[in-house]
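A quick write-up on the structure given underneath.
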Ligand SMILES: [Zn+2]
C-alpha cells in the first residue's frame, strides 16, 4: 500500500471514525502482535508490558515489518560486536538488553480518538489507528527538534512507508510515526 497523502485520502482509505465510531472501530481496528515486547509509558511515568498494540488493520503489516527490521538490525550489531560464535540464546539476551537500553520498546500510544491538540477541525491520525508514539519522554513534541533515535531507526520506519513527526515543519513531534503524509 502506498502511503496516503492528505486528509481526504486518509478518510477514503481508512474510513471515517467520526460518523459511527463504535462501528468504525469494530470494522477497522485490530490487536497487532509486536515482534518484541513493548513497554507502555503511562502519563505518570510508569511502564507496563504489552505484547499487542491497537492499530488500523491496513497498517499492521508495515508496523510489523519495521519492528522485525529493528530486531534484525540490533541482532547483527550485537553479533558484529560480540562475535558470531555464540548461542542463539546469548544473542537474544544481548539484543533484549540493547532494546531496553535504547528505548526501542517504549511505547507511548497508538489508537486514540482525539482531535489534534489546540484544534477542533482536524482529527489526529491517532484517531485512525495509523499513528504510533515511541519513547515519548526522550522524544518530546516541541518547536526545536530533540530526539534519542539514531538515523537507522528513523530510516527503518520511513523505508516501510511511515512519515516521521520529527520532519514536521512547525512543531517537531519526534516520538510520532504516522502512515500518511501531508497531514
Ligand atoms: Zn503521536
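The values are calculated or read from the model by the stated rules, or taken from the named source; none is laboratory data. Just so you know, these numbers come straight off a predicted model, no measurement behind them. Cβ atoms come from the backbone with ideal geometry, glycine included; neighbour counts cover every protein chain shown.
Some notes on this structure:
- Residue list for the range 26-47, filter: modelled with pLDDT of 95 or more and over 17 Å from the mean Cα position of the chain (by Cα): 26, 27, 28
- Qualifying residue in the range 39-51 (condition: in contact with a helix residue (DSSP H, G or I) (Cβ under 6 Å, 6 or more places away or on another chain) and surrounded by 15 or more Cβ atoms within 10 Å (Cβ to Cβ)): no
- Meets criteria (closer than 21 Å to residue 70 by Cβ, within 13 Å of the ligand (Cβ to nearest atom) and surrounded by fewer than 21 Cβ atoms within 10 Å (Cβ to Cβ)) for residue 166: yes
- Any chance residue 84 is without any contact (Cβ under 8 Å) to a residue 60 or more places away in the chain and surrounded by fewer than 19 Cβ atoms within 10 Å (Cβ to Cβ): yes
Residue by residue, here is whether (1) over 26 Å from residue 19 (Cβ atoms); (2) buried (at least 17 other Cβ atoms within 10 Å of the Cβ); (3) away from the ligand (no atom under 14 Å from the Cβ) holds:
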residue	(1), (2), (3)
93	yes, no, yes
100	yes, no, yes
173	yes, yes, no
181	no, no, yes
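- Any hit, the range 134-155, residues being within 11 Å of the ligand (Cβ to nearest atom), surrounded by 17 or more Cβ atoms within 10 Å (Cβ to Cβ) and part of a strand (DSSP E or B): yes
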